[in-house]
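These notes concern the structure reproduced below.
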Amino acid sequence: MAARFGFVALAGLVLVACQSKSYNSAPSGGSKSASLRAMEQVAIAAHKCWIASKDPAFKSYQMANELNNFGGTPRFLLVPGKHYGGKPLLVVQARGNSNRVEVFGPLMAEPLGGRIGSDIARWQTGNGDCGAKA
């Protein structure tokens, strides 16, 4: 009886050892497109420098992050702070497999537009510094 039990236990161990499962099926960071990598870098800096720092120049805006949208165009928007679903005042995006970041919207025609442009250009190079405030 003990020999039979030992054989069944050994057979069970052999079966378990033969099975393989991978629980780490998430894609590695290397599979991100150039546009997503560029936008993540810029969005992190924009949130840190404009929103989280409570910069007075950006106090009336909220950031709407759309880095993983289904259209394949990672972007973030600045929208009115009191109306999150409102018309975007600033769109920052990259397309396809390009690391070129595009910036447009009504805020670019305002005095703040120059600062926005220089901040985005700096962050796109990998420099996450917040720079001088307006």
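The values are calculated or read from the model by the stated rules, or taken from the named source; none is laboratory data. Computed from a prediction, not measured in an experiment: that's the story for all the values here. No Cβ is skipped: glycine too gets one built from the backbone with ideal geometry, and neighbour counts run over all protein chains shown. When the accessible area is computed, the model is the full protein with side chains, heavy atoms only, and any ligands, DNA or RNA have been set aside. Shrake-Rupley method; radii C 1.70, N 1.55, O 1.52, S 1.80 Å.
Among the residues of segment 101-123 satisfying the criterion of being in a helix (DSSP H, G or I) and charged (D, E, K, R), which is nearest to LYS48 (Cα to Cα)? Residue satisfying both the conditions and the ranking: ASP119. Among the residues making up segment 72-91, those that are of a type outside the set (Ser, Thr, Tyr) and buried (at least 17 other Cβ atoms within 10 Å of the Cβ) are PRO74, ARG75, PHE76, LEU77, LEU78, VAL79, PRO88, LEU89, LEU90, VAL91.
Taking segment 61-76 as the range and being over 10 Å from the mean Cα position of the chain (by Cα) and part of a strand (DSSP E or B) as the test, the residues that pass are TYR61, GLN62, MET63, ALA64. Scanning segment 77-89 turns up no residue that is more than 16 Å from the chain's Cα centre (by Cα), assigned to a helix (DSSP H, G or I) and either under 23 Å from ARG122 (Cβ atoms) or modelled with pLDDT under 50 (or both).
Please verify whether segment 13-27 includes one or more residues that are within 30 Å of GLY128 (Cα to Cα) and either open to solvent by less than 90 Å² (accessible area, probe 1.4 Å) or modelled with pLDDT under 50 (or both). Within segment 13-27, one or more residues are within 30 Å of GLY128 (Cα to Cα) and either open to solvent by less than 90 Å² (accessible area, probe 1.4 Å) or modelled with pLDDT under 50 (or both). Going by what's in this entry, would GLY131 be described as more than 20 Å from the chain's Cα centre (by Cα), part of a loop (DSSP other than H, G, I, E, B), over 19 Å from PRO80 (Cβ atoms) and touching a residue at least 60 places away in the same chain (Cβ under 8 Å)? When the stated conditions are applied, GLY131 passes them.
Restricting attention to segment 42-56, the residues that are farther than 18 Å from ALA121 by Cα, open to solvent by 30 Å² or more (accessible area, probe 1.4 Å) and in contact (Cβ under 8 Å) with a residue 40 or more places away in the chain add up to 2. Among the conditions (1) modelled with pLDDT under 90; (2) open to solvent by 60 Å² or more (accessible area, probe 1.4 Å); (3) not charged (D, E, K, R), the only one that ASN69 does not satisfy is (2). LEU107 meets each of the listed conditions (1) under 13 Å from ALA43 (Cα atoms); (2) open to solvent by less than 40 Å² (accessible area, probe 1.4 Å) apart from (1). When ARG100 is tested against the conditions (1) open to solvent by 50 Å² or more (accessible area, probe 1.4 Å); (2) closer than 16 Å to GLY126 by Cα; (3) at pLDDT below 85; (4) more than 15 Å from the chain's Cα centre (by Cα), the lone failure is (3).
Would you pick out the residues in segment 90-100 that are hydrophobic (A, V, I, L, M, F, W, C) and either part of a helix (DSSP H, G or I) or touching a helix residue (DSSP H, G or I) at 6+ places or on another chain (Cβ under 6 Å) (or both)? Once the filter is applied, which keeps residues that are hydrophobic (A, V, I, L, M, F, W, C) and either part of a helix (DSSP H, G or I) or touching a helix residue (DSSP H, G or I) at 6+ places or on another chain (Cβ under 6 Å) (or both), segment 90-100 yields LEU90, ALA94.
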